[in-house]
1. How high is the FRET efficiency between B:Asp394 and B:Glu422 when r is their beta carbon distance and R₀ equals 22 Å, given to the nearest 0.05?
2. Residue by residue, what Karplus-based ³J(HN,Hα) values in Hz, rounded to whole numbers, does the stretch A:93-108 have, using 6.51, -1.76 and 1.60 with θ = phi - 60° and x for Gly and Pro?
3. Placing +1 on the Cβ of each Lys and Arg and -1 on the Cβ of each Asp and Glu in the protein assembly as shown, which of A:Pro144, B:Ser101, B:Gly218 has its Cα farthest towards the positive end of the resulting dipole?
4. Setting aside same-chain residues fewer than 8 positions from B:Lys409, which aspartates and glutamates have a Cα under 16 Å from its Cα?
5. Quick check on the stretch B:335-468: take the gyration tensor over C-alpha atoms, sort the square-rooted eigenvalues as a ≥ b ≥ c, and tell me if it's rounded (a/c under 1.5), prolate or oblate.
6. Can you report the principal axis dimensions of the protein assembly as shown using only the alpha carbons, biggest first, rounded to whole angstrom?
7. Let me see the P(r) profile for the stretch B:9-108: every Cα-Cα distance counted, bins of 5 Å, each bin given as a percent of all pairs.
8. Using the Karplus curve 6.51 cos²θ - 1.76 cosθ + 1.60 with θ = phi - 60°, work out ³J(HN,Hα) for each residue of the stretch B:77-85 in order, rounded to whole Hz, and write x for Gly and Pro.
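Just so it is clear, none of the values below were taken in a lab; they were calculated from the coordinates. No experiment lies behind these values; they were computed from the predicted model shown. For neighbour counting, all protein chains shown are included, and Cβ atoms are generated from backbone atoms with ideal geometry for every residue, glycine included.
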Amino acid sequence: MQRRTTLKLGLGASLLSSLPLSGLAGQKTSGAEQLQVLVNRQYTEAGHLADAMLSRNIAVQDISGDLGSLWYRSIKPQMESKPAVLFGMTDTIDLFCLEELARDFGMQTRFRLDHIIHSNGRVEHVPADGLNLADIRQLLPASPGFGAKADELSALALQYHHQPVLHYKKSGPFQRPDNTTLVTWLIS
Amino acid sequence: MALPPNVSEAEFANALSEFTSAVGSDWVFSSDEDIALYRDSYSVYWGEEEERIASAAVAPANVEQVQQVVRIANRYRIPVYPISTGRNLTYGGAAPTLSGSVVIDLKRMNRVLEVDDKRHFALVEPGVSYFDLYDYIHERGLKVMLDIPDPGWGSPMGNSLDHGVGYTFGPYRDHFGSHIGLEIVTAEGEIIRTGMGAVPGSDSWQDYHYGAGPSIEGLFAQSNFGIVTKMGVKLMPMPEAYLSGYVFVPRYQDLQGLIEEVSYLEDSYLVGMPMYGSPVGGPFMNAPANVRALMENGWPSMSQLESFVSSQGLPAWSVKLQFYGPEETVRANWTAAQRRFAAAIPGATFEAGEFLTLPIPDEAIPSLPDKVRFGIPNLEIFHLVARNPMTDADPPDGHADLFTMIPRKAEAVWDSARMMVEAYRDLGVPPVHSPFATPLTYYSRALVMPTLLPSWRNAAKNERSRNLYMHILDKAAENGWATYRTAPAFQDHAISKYSFNDSALLRFQEKLKDSIDPNGIISPGRYGIWPANMRNNRG
């Protein structure tokens, strides 16, 4: 996969950032970059995102099994035949692994929004540097169910498809035991 | 843009242009965004001036392009740092030892050249990952089994050349020890093949290791004497079956007898990786409160430890034995092992483990625990350890492994655990070891007393981790122990402990370096070997 070829195809990819999610379904066969959506269905909110995507005929891959197996046998071969933008909602460990794996294609995290789900149900949305928190508070509820806001999340993420990388390797593969941290991200 | 040391912007621009002519414009990476891809995720210097940062990266497609790149680097005196998959995270990852080096990313050289399941070997290029090799074998129904590290996203070549290790049968767990035949590009751009590969037209390159005359393979592991572009790998014939069993011994002092019997079984090639534990001592690096209390007034005496063990009603030590082979032999070997332990250690008890026929059926793999036992690459370890008692209070962003090599003696296990506790306390850090700390057995003829120091996106925390790491290296050396592998941040310090006869070993390596790589371009400083023109960089 040639990284600079990916950038040349960005002309097609830039269309993605201006389309509502429902318009993405038609892009899969256009020859432009594909949007590959990855979620970890082990988590309820990620399942909501997946269901919202599927309802719009956007294919979703579930990475709740062994991510390595899925990457090397499915995602990577697909990306070698057609460039892709990766978008998804997973835990931070999955993102850490995906960042390492996507390095083979010269891809980095350009959008990152952490969702800290506290044991009392309260949700904190923590944007990476450069994201406007006020916008996010308007878009996403600070309570369960935010994963269903697939339109809002994907639109937010795709705005950053061509932005300078700010959020790459922001954290490692360890988590606190007292909450669940999911993350919505875009890797391109 | 970072520049290579002692290279002007104009010179570097010219070199990049020549690299581009050699490998194509799509495969030379020099923007800040590109370079960020080659940062070490687990760096103990993240964001600090001392963090190792590349100046550029070049990805050649074949050996001829590697030769061209090396010759260009030599002309401009630009240090280069070859990587295969660059995922050796706790040991430096894709980042170079010397900031400003140009990373030679060998990911495009990703062919599995041959796998023979009658003579049991593979021949691979640097960019082949364990996943790639596993799939190659699996898709063709070849009857061989890999020995892999955990996680499995690295490469057989990269892992072997850093003395990486695995989880199955002894001869295969030592990954460099189970290589057979290398092809190397030298600093001057020549190609060498070792062993029988040096005979033109040889068809036994992956059969006989030594060839004739001195063998030089060891010079290319954990070093900077050349760039390996092909490697033969010995593979285990796919066993027919797997069986595990547990041995429990009652007394604290029974550890010596346990180790002796395990050593007999390992050295007789009767068992795979043994796994020590302590039922009374609790999980390693997470001792229960009553065990930690034993250390409150200093290290407990042997009689105190024996009293504690007998009061708990649990065995002091255990070992999990793993057998590979035909069903008849694995069952017979387990029976024989039990007989030997029973005779050697009064009160030893036993528990059957699993019996599995191999290969594992595809449909059973997703739910199979500990896939590394069967050479099945995966990334599950990241989720397994994401939450653990060592990191729960303050989850880090990575870790630096420190594995201290000790002899296969109970006394060494106890003394090294005590050394670790003292080292942690010296720096005001709560210790993670206890008198019941158990060793790892990656190398079949040595034990490892491990610890993991956290790394962060926080300079102050990283400084504390680095200080503790180096303090442990110092204390280990006082006992005649040292680590076998370490990240670039610690390599000079670690190598300084191999100081016999005024560091004669390092001085010999430096003479070789000056002769083989007179401009010092390949991975300067790797494992403490600095070229003459950079020896003031040490430390």
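1. In this case the efficiency is close to 0.45.
2. Using θ = phi - 60°, the values come out as 5, 4, 4, 4, 5, 5, 4, 5, 5, 5, 4, 4, 9, x, 9, 9 Hz.
3. B:Ser101
4. B:Lys409 reaches B:Asp254, B:Glu260, B:Glu261, B:Glu266, B:Asp267.
5. Oblate shape, in that a/c is at least 1.5 and b/c is the bigger or equal ratio.
6. 76, 65, 52 Å, listed from the longest principal axis down.
7. The percentages, shortest bin first, are 3, 14, 26, 26, 17, 10, 4, 0.
8. Once θ is set to phi - 60°, the couplings for the stretch B:77-85 become 6, 9, x, 10, 9, x, 10, 9, 9 Hz.
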